[in-house]
1. Being at the interface with chain B (Cβ under 9 Å from one of its Cβ atoms) and in contact with an Asp or Glu (Cβ under 9 Å, 6 or more places away or on another chain) narrows it down to one of A:SER109, A:SER68, so name that one.
2. What number of residues within the stretch A:120-144 satisfy the criterion of being polar (S, T, N, Q) and either at pLDDT 90 or above or in contact with a strand residue (DSSP E or B) (Cβ under 8 Å, 6 or more places away or on another chain) (or both)?
3. Could you please give the count of residues in the stretch B:70-81 that are touching a Gly at 6+ places or on another chain (Cβ under 6 Å) and in a helix (DSSP H, G or I)?
4. Can you confirm whether B:PRO287 is more than 12 Å from chain A (Cβ to nearest Cβ) and in a loop (DSSP other than H, G, I, E, B)?
5. Which pairs turn up if I take residues in the stretch B:227-240 that are closer than 18 Å to A:TRP75 by Cβ and look for partners that are at pLDDT 95 or above and not small (Gly, Ala, Ser) with beta carbon separation below 7 Å, at least 6 apart in sequence or on another chain?
6. Looking at B:ALA144, B:ALA91, can you tell me which residue is of a type in the set (A, V, I, L, M, F, W, C), over 12 Å from the mean Cα position of the chain (by Cα) and crowded, with 17+ Cβ neighbours inside 10 Å?
7. Between a residue in the stretch A:119-143 that is more than 22 Å from B:LEU258 (Cα to Cα) and any residue that is at pLDDT 90 or above, which pairs come within a Cβ distance under 6 Å, given they are 6 or more apart or on different chains?
8. So which residues in the stretch A:5-19 are under 18 Å from B:ILE165 (Cβ atoms) and facing another protein chain (nearest Cβ under 7 Å), if there are any at all?
Amino acid sequence: MSAVPRRGPLFWGSAAAGWALIGWGLRGALHHRIDTRPGQLARFLLGGALAHDLLLAPLVLLAGVALSRAVRGRWRAPVQAALFISGTLALFTYPELRGYGHGLRNPTSLPHDYAANLGLVVAAVVLGTAVTALVRGLLSASRR
Amino acid sequence: MVRSSRLTTVIGTYTTDPDLPLRQHAYQSPLRDERLAAWLGASLGVLFTTCFVTGLFSHLHQHPLSWLPVPARPAGLFRFTQGLHVASGIASLPVLVAKLWVVWPRFVSFPPGRRVADAVERLGILALVTGGIFMVFSGVANIAQWYPWRFSFTAAHYWTAWITIGALVAPVGAKGPIARPALFGAAPAAPVRGTPPVPRGRRKNRPALADADPALSTSAEGRHDGLDRRGFLLTVAAASGLLTLTTVGQTLPGFRRLALLAPRDPADRPVNRSARNAGVIDAAASPGYRLRVEGRVATPLTFTLDQLQSLPAHTAELPIACVEGWSYSARWTGVRLRDLLQMAGAPPGSAVHVESLEEHSPYRLSFVNHFQAGDADTLLATHLDGAVLSADHGYPLRLIGPGRPGVNQTKWVTRVVVV
């Protein structure tokens, strides 16, 4: 087993300052319990981390494994880039796609056709990454 | 005994060693290296800190402190800070996802801690991960007006922000010595006893993780298919940039045509709360509507809508800036608040409470400090862009003042109390 470095004043100083802020936040969340509903808030906090660890991260790992077997060579990088950008766009757009805001009957909320717009942006991403890959390929070929 | 060693092997296969930076056995992506983790962490630190500071400013508007009154000018300050708050929050989504992915093997390191310092560090990381995910998720859900919870969004978002920023500060001492050379290319720190020394002169100022940790067969610097470190960082930046480009038009007029994914369109003159949802349609349209000016005044006054409209009117071009990040500028016409206060004989430099016809809402009442109440452009408006206010925009009377959040531009005003 390897030896471990000692923790110095910077480690303990920043840990103390950080934990003081965390403590202030926890105190506030518990003190204003009528507004924050600490039990439910705690479920959302831990639920978010579990959703990431048990759902999103394994899905991304599986997608990565599939991608590494399906796409080889110089096309893998643009496919990875396009998938990452499109995936984060879709994550952001999810509540708009589901139209949850329409439940509040606010006529000015969610005014666009978000499925069509997301499709348009993703198409632009795919096109952009493909063009970038082709240009880079041509440039590197001309250098040889 | 056999079972125990098999268990150890399984644990060793799918977990990482907490003593070594990002040591991984089962997670051999070439992109999980220190330099990438440091750049993503620093970017996230800048974005979260921007969100925190601008969020505190918004909180100060909504929960005013008597010893720290917010100035009315510049008129577009809140529009800028809140637009920045929401844009930074949206831009942080890809960075957060990327950072979590890069450091994910660290979350499954085993054993989780061998000393008090390990436990402190890992608890801080837990607070950062849970807080960071919650802040981005709740913010994105809120601007799309999705509320899958029963707590108050503002209270939960505010207090969790303190937890998250604290969790960002706490690991500075632990991560700083690793991140500094990774970020700025300084000479690598002395190797930890037990790990092989870093070969000098291999590639100036660029310690490869494979040098620090032989468990890795590849690093982001080696040749491999797929994105390299720079490509991955550019991809994350492109995702953040594209999200910004397709949403920021909800507050920046020059980008409106590109705001394909924005939850609001400023051209629609959006509102946060409709008259129907506020339950004020009948009261606002009632012929019995009155505005009362009272409290610490020499002469309490009562006005009908006709009487208000016969008073000298003033027009001001002011932004309305929602806490959800959208904003637009418009021409508002109405009576100056300070003229009404003067008519009622309020002491100079008075602050007021403005009350709405709306009954059951935390925003039925707003505080207007002495800077804002005395400003020439703080109006009780009856018209928007030359037309009588619609019910959703606050008919018959709404408050509009420079530099105030939209939730504090109280609609359906019925009472002004000098405090």
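The values are calculated or read from the model by the stated rules, or taken from the named source; none is laboratory data. Just so it is clear, the structure is predicted and the values come from calculations on it, not from any experiment. We place every Cβ from the backbone using ideal geometry, glycine too, and count neighbours over all the protein chains shown.
1. Details: A:SER109 fails: in contact with an Asp or Glu (Cβ under 9 Å, 6 or more places away or on another chain).
Result of the check over A:SER109, A:SER68: A:SER68.
2. First, the residues of the stretch A:120-144 that are polar (S, T, N, Q): A:129, A:132, A:140, A:142.
Within this subset, residues satisfying the condition of being either at pLDDT 90 or above or in contact with a strand residue (DSSP E or B) (Cβ under 8 Å, 6 or more places away or on another chain) (or both) are A:129, A:132.
So the answer is 2.
3. Within the stretch B:70-81, residues that are touching a Gly at 6+ places or on another chain (Cβ under 6 Å) and in a helix (DSSP H, G or I) number 2.
4. Details: more than 12 Å from chain A (Cβ to nearest Cβ): yes; in a loop (DSSP other than H, G, I, E, B): yes.
Taking the combined requirement at face value, the residue satisfies it.
5. Here the result reads B:LEU227/B:THR235; B:THR235/A:PHE84; B:THR235/A:ILE85; B:ALA238/A:ILE85, each pair linking the stretch B:227-240 to a residue that is at pLDDT 95 or above and not small (Gly, Ala, Ser).
6. Numbers: B:ALA91 fails: over 12 Å from the mean Cα position of the chain (by Cα).
Only one candidate qualifies: B:ALA144.
7. A:ALA133/A:PRO78
8. First pass over the stretch A:5-19, keeping only residues under 18 Å from B:ILE165 (Cβ atoms): A:13-19.
Matches in the stretch A:5-19: A:GLY13, A:SER14, A:ALA15, A:ALA17, A:GLY18, A:TRP19.
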